[in-house]
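As structure tokens, the structure follows; a few thoughts come after it.
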Amino acid sequence: MITLKTDIKNLSKKEMKVLNESLVEACALYMGKKKGLSVRMIGRGKKYFGLYDYDTNEIKIYKKSCSGMLGYVKTFVHEYAHAKQKGLAKNYTAYHFKYGYWNNPYEVDARSKEKMFRPEIWKETKRLYNKKTKV
């Protein structure tokens with residue numbers, strides 16, 4: 001059974017795969033589907049928690065930055081929100097230079113969605129994960 005206190009470092013590759021699949025399903029339920037989305041854990045890097053790569057349609061999460069389940073889920077929801085944003089590829093960099101990271105409208109929106117949907121997405125993720133792992 002997973003909880004928000006679970007250390008993701010203790011999860012096997014198979015458990016992480018099930019967790020990510022469950023997160024994608026839960027995010028799709030609350031935020032809308034994103035076709036062709038993939039998820040990858042990256043072991044190196046401490047500067048960022050995660051990112052959405054619009055060129056590859058991939059959420060990348062830095063394992064060393066998000067070892068706790070709560071941080072992982074928050075980061076995942078935030079990056080999923082970016083995956084759903086219209087015009088991100090075209091406008092993100094210009095807005096970054098104009099407004100800075102914290103005031104970039106895409107970041108403001110992603111933080112808002114993270115805060116709004118994270119509790120429900122976590123409940124659904126946990127339900128799906130436990131069902132898939134038969135806990």
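The values are calculated or read from the model by the stated rules, or taken from the named source; none is laboratory data. These numbers were taken from a predicted model, which means no experiment stands behind them. Cβ: placed from backbone, ideal geometry, glycine included. Neighbour counts: every protein chain shown. We work out accessible area using only protein heavy atoms, side chains counted, and drop any ligands, DNA or RNA first. Shrake-Rupley method; radii C 1.70, N 1.55, O 1.52, S 1.80 Å.
Working carefully through the options Tyr48, Tyr80, Tyr62, Tyr52, find the one that is within 18 Å of Lys123 (Cβ to Cβ), under 15 Å from the mean Cα position of the chain (by Cα) and hydroxyl-bearing (Ser, Thr, Tyr).
Being within 18 Å of Lys123 (Cβ to Cβ), under 15 Å from the mean Cα position of the chain (by Cα) and hydroxyl-bearing (Ser, Thr, Tyr) holds for just one of Tyr48, Tyr80, Tyr62, Tyr52, which is Tyr80.
Conditions: (1) polar (S, T, N, Q); (2) surrounded by fewer than 16 Cβ atoms within 10 Å (Cβ to Cβ); (3) without any contact (Cβ under 8 Å) to a residue 40 or more places away in the chain; (4) assigned to a loop (DSSP other than H, G, I, E, B). Asn91 meets all but one. Number of the miss?
(4)
Could you check how many residues of region 70-88 are of a type in the set (A, V, I, L, M, F, W, C), open to solvent by 40 Å² or more (accessible area, probe 1.4 Å) and under 9 Å from Glu114 (Cα atoms)?
Filtering region 70-88 for residues of a type in the set (A, V, I, L, M, F, W, C) gives 70, 73, 76-77, 81, 83, 88.
Among the residues that remain, those that are also open to solvent by 40 Å² or more (accessible area, probe 1.4 Å) are: 70.
Retained after the next criterion (residues that are under 9 Å from Glu114 (Cα atoms)): none.
Within region 70-88, residues that are of a type in the set (A, V, I, L, M, F, W, C), open to solvent by 40 Å² or more (accessible area, probe 1.4 Å) and under 9 Å from Glu114 (Cα atoms) number 0.
Quickly run through region 11-68 and pick out the residues that are hydroxyl-bearing (Ser, Thr, Tyr) and in a helix (DSSP H, G or I).
Quick first cut of region 11-68, residues hydroxyl-bearing (Ser, Thr, Tyr) only: 12, 22, 30, 38, 48, 52, 54, 56, 62, 65, 67.
Of everything in region 11-68, those that are hydroxyl-bearing (Ser, Thr, Tyr) and in a helix (DSSP H, G or I) turn out to be Ser22, Tyr30.
Are any residues in region 1-24 open to solvent by 40 Å² or more (accessible area, probe 1.4 Å) and either within 15 Å of Leu70 (Cα to Cα) or small (Gly, Ala, Ser) (or both), and if so, which ones?
Met1, Thr3, Leu4, Lys5, Asp7, Lys9, Asn10, Ser12
What are the residues in region 42-64 that are farther than 22 Å from Gly87 by Cβ and either open to solvent by 70 Å² or more (accessible area, probe 1.4 Å) or in contact with a Gly (Cβ under 8 Å, 6 or more places away or on another chain) (or both), if any? It would help to see each step written out before you state the result.
Our first condition is that a residue be farther than 22 Å from Gly87 by Cβ; within region 42-64, this holds for 42-47, 49, 61-64.
Arg44, Lys46, Lys47, Phe49, Ile61, Tyr62, Lys63, Lys64 - these are the residues of region 42-64 that are farther than 22 Å from Gly87 by Cβ and either open to solvent by 70 Å² or more (accessible area, probe 1.4 Å) or in contact with a Gly (Cβ under 8 Å, 6 or more places away or on another chain) (or both).
Please enumerate the residues belonging to region 25-41 that are loosely packed, with under 12 Cβ neighbours inside 10 Å, over 11 Å from Thr56 (Cβ atoms) and of a type in the set (Gly, Ala, Ser).
Of everything in region 25-41, just one residue is loosely packed, with under 12 Cβ neighbours inside 10 Å, over 11 Å from Thr56 (Cβ atoms) and of a type in the set (Gly, Ala, Ser), namely Gly32.
In contact (Cβ under 8 Å) with a residue 12 or more places away in the chain and either exposed (fewer than 15 other Cβ atoms within 10 Å of the Cβ) or acidic (Asp, Glu) (or both), is that true of Arg118?
Details: in contact (Cβ under 8 Å) with a residue 12 or more places away in the chain: yes; either exposed (fewer than 15 other Cβ atoms within 10 Å of the Cβ) or acidic (Asp, Glu) (or both): no.
Taking the combined requirement at face value, the residue does not satisfy it.
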